Structures are given as structure tokens and as C-alpha cells.
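Here's the structure we're looking at; comments come further down.
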Amino acid sequence: MAATISAQEIEETLIEQRDDEKREILMRFFRTAPGEYGEGDEFLGIKVPATHAVVKEAKRRVPFAEIEKLLQSRWHEVRLAGFLLLVEEMKVALPVRGKDSDEKAARRKAIADFYTANARRANNWDLVDLSAPKVIGAQIYHSATGDYSLLLRLSESPDLWEQRIAIVSTLYLIQNGVLQPALTLASRLINHRHDLIHKAIGWMLREVGKRDKQLLLDYLEANYARLPRTSLRYAIERFPEAERLYWLKRR
């Protein structure tokens, strides 16, 4: 059995790759100034592929207790590594060629529960987007009931990042042909004030439209007057130009 790897080892490996010039660029890009959505977030300046490389070496050898330490790190990239390790844990707990087991189902639930307990540590949009669909979305899709009440509860959270987890987690469901949860979550969050939620709603609607354009058109017809303009623009991004203009002018 491979030796376990500690949070300290992973964090030290990432800190060794620190790039102060890139760090400043990332801190501006992820809006970390006072009053911005990422206020206080600190970066090492490491590109995502480099973090993935560290995770690839450590995957399935980091216990939950050590992953939790990563998620508590001050460094954005270290927290990202923690969430990506959960993605790797979920991958091996998924059914293979339609074959599942009670052991795998229990493991998926444990991973998703751990993720949910630490959800607020996914406190920037990339941390959410790179992990939530493949952990929370996967757990819901592969559960016996497909119950997505967790997403409904997260959508009611006062925390921006839990709200984004709620809507973005539906991506996994959409990719596997389950479209209605995304529409339900979009409607629940349609009056949200934050642009990050507007973008996420539009992104999920666009993904729904890739698989069932008529369903998207029906949703737009019923909701276009309430839909934030950013959400609408994202949702119709792949429409022919004349069709995009039609919806934008109606709005």
C-alpha cells in the first residue's frame, strides 16, 4: 500500500513554485481587493496545470484529515489542491460500466458530505467550478434516488459560494441528461444580486440548450423578463446571431 502524504508536504511543494509576478496578476483577476468578492484571498501565483500535477502525484494517498488541513490553508492554490483531491477520490468511487456496490455508494456519500461540510472554503469561483460538479453533482446523479434537495438547501444559504455550488453542481447532471434541476435552481436564484450567480445561471442554461434547445427556449419564453441580462447573454451565446438579437431586443 502506498504511503500517505501529508498536507504539509503538499503545501510545501506548492510554495516552492511560488511566482510573485504571476501572484499579482491572479490577485487582480480573482478580485481580492477590499470590497471585492475575493477580498483577502491570497495566491502563490501557480498555474492550474501545475497544481493538477501535484494532485496527480498525491491522489488517493491523502486522508480526509489532511485534505481538511489543505482546505483551511491561507493559500488559494493549496485549497484548490484539496478540492481536486476530493475530485480524485470521487472518480474511483463512481460505478464502472454500470456496476455499483454498497461500498462505493457509501464512499461517494462520505466524500460529498465532507465536501459539503467544507463548502465555504471553496471561496472563489474557480474552486467551485473545478470541483463541485464532479463531487456534489456526481454524488446526486449516482445516488439511488437522484434527490437534489441538498442543492435546494445550498441555494438558500446566505453564502455566495454555497449558492454558486448549488447551481454549478447541476453541470454534471446536465452532462448526463438530467436537465430539470438546473432549471429549478436557475429559477430559485433568478433574483440574485451578484454577477457571479448571473453568470453561473446563464452558463447552466446554455448547457441545457446544448442538449435540448426547445427546453431552453420554453424556459426563456417563461422567464426572459426576469432573467438578469448577463444570464440571458450567456444562455443564448451559441444561438445564431439573428436569434440572439431577437432575445436581446425582447429583454
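Tabulated data for the structure shown
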read-out	value
Among residues of region 1-21, those that are closer than 23 Å to Ala65 by Cβ and part of a helix (DSSP H, G or I), counted	9
Answer from Leu196, Leu160, Leu127, Leu173 - the residue that is over 18 Å from Glu36 (Cβ atoms) and either of a type in the set (Ser, Thr, Tyr) or touching a residue at least 24 places away in the same chain (Cβ under 8 Å) (or both)	Leu173
Within region 204-233, considering residues that are among the charged types (D, E, K, R) and not in a helix (DSSP H, G or I), the one surrounded by the fewest Cβ atoms within 10 Å (Cβ to Cβ)	Arg226
Contacts under 7 angstrom Cβ, first residue in region 27-41 being on the phi > 0 side of the Ramachandran plot, partner of a type outside the set (Lys, Arg) and open to solvent by less than 100 Å² (accessible area, probe 1.4 Å), 6 or more apart	Arg31/Tyr37; Arg31/Gly38; Gly40/Thr32
Hits in region 46-74 - residues which are within 23 Å of Lys109 (Cβ to Cβ) and not in a helix (DSSP H, G or I)	Lys59, Arg60, Arg61, Val62, Pro63, Gln72
Any hit, region 22-44, residues being out of contact with any helix residue (DSSP H, G or I) (no Cβ under 7 Å at 6 or more places or on another chain), assigned to a helix (DSSP H, G or I) and closer than 22 Å to Ser169 by Cβ	no
Unmet criterion (only one of (1) closer than 27 Å to Gln214 by Cβ; (2) open to solvent by less than 20 Å² (accessible area, probe 1.4 Å); (3) without any contact (Cβ under 8 Å) to a residue 40 or more places away in the chain; (4) out of contact with any Ser or Thr (no Cβ under 6 Å at 6 or more places or on another chain)) for Ile201	(4)
Subset tally (residues that are touching a residue at least 24 places away in the same chain (Cβ under 8 Å), assigned to a helix (DSSP H, G or I) and among the hydrophobic types (A, V, I, L, M, F, W, C)) for region 234-251	2
Filter result (surrounded by fewer than 16 Cβ atoms within 10 Å (Cβ to Cβ), within 22 Å of Glu88 (Cα to Cα) and of a type in the set (A, V, I, L, M)) within region 16-49	Val48
Pick from region 167-178, criterion farther than 14 Å from Gly202 by Cα and of a type in the set (A, V, I, L, M, F, W, C), ranking: most open to solvent (accessible area, probe 1.4 Å)	Val178
Candidate set: region 116-154, residues that are open to solvent by 30 Å² or more (accessible area, probe 1.4 Å) and of a type in the set (A, V, I, L, M); chosen: the one nearest to Val48 (Cα to Cα)	Leu130
Residues of region 55-77 satisfying the condition of being over 13 Å from Ala122 (Cβ atoms) and either among the aliphatic types (A, V, I, L, M) or modelled with pLDDT under 95 (or both)	Val55, Ala58, Val62, Ala65
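The values are calculated or read from the model by the stated rules, or taken from the named source; none is laboratory data. In this text the structure is predicted, and so the values were computed from the model without any measurement. A quick note on method: Cβ atoms are made from the backbone with ideal geometry, for glycine too, and the neighbour counts reach across all protein chains shown. Keep in mind that these areas ignore ligands, DNA and RNA; they rest on the heavy atoms of the full protein, side chains included. Shrake-Rupley method; radii C 1.70, N 1.55, O 1.52, S 1.80 Å.
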